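Here's the structure we're looking at; comments come further down.
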Amino acid sequence: MSTLIPADDAATSPAARARAALASVQSAAVPVVVLHGIAGLLEELGRTTGDDETRAAVEETLAYLQDITG
């Protein structure tokens, strides 16, 4: 995973790491209930973050989750 997801450092934003993590697991089989749980956590992050890039990554990820879970 460390080769797929950028390190947690000052040069790499949380949103960039989130996008990389999402890209690395797009082909993994995950129970829908887990995806719904993740969506709930992301919705909370989207409401509470002050970072526009993080909010954009959250919205992008939530849209993707909605597409794959219906």
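The numbers here are math on the coordinates, done by the rules we state, and not lab data. Computed from a predicted structure; not experimentally measured. Counting neighbours? That spans all protein chains shown, and the Cβs are built from the backbone with ideal geometry, glycine included.
Side notes on the structure shown:
- Projected over all directions and averaged, the alpha-carbon convex hull of the range 30-69 occupies 2.5 nm².
- Maximal additional length on extending the residue 68-residue 41 stretch stands at 8.0 nm, based on 0.36 nm per residue less the C-alpha distance.
- At R0 = 35 Å, FRET efficiency that the Cβ-Cβ distance of residue 13 and residue 33 yields, to 0.05: 0.75
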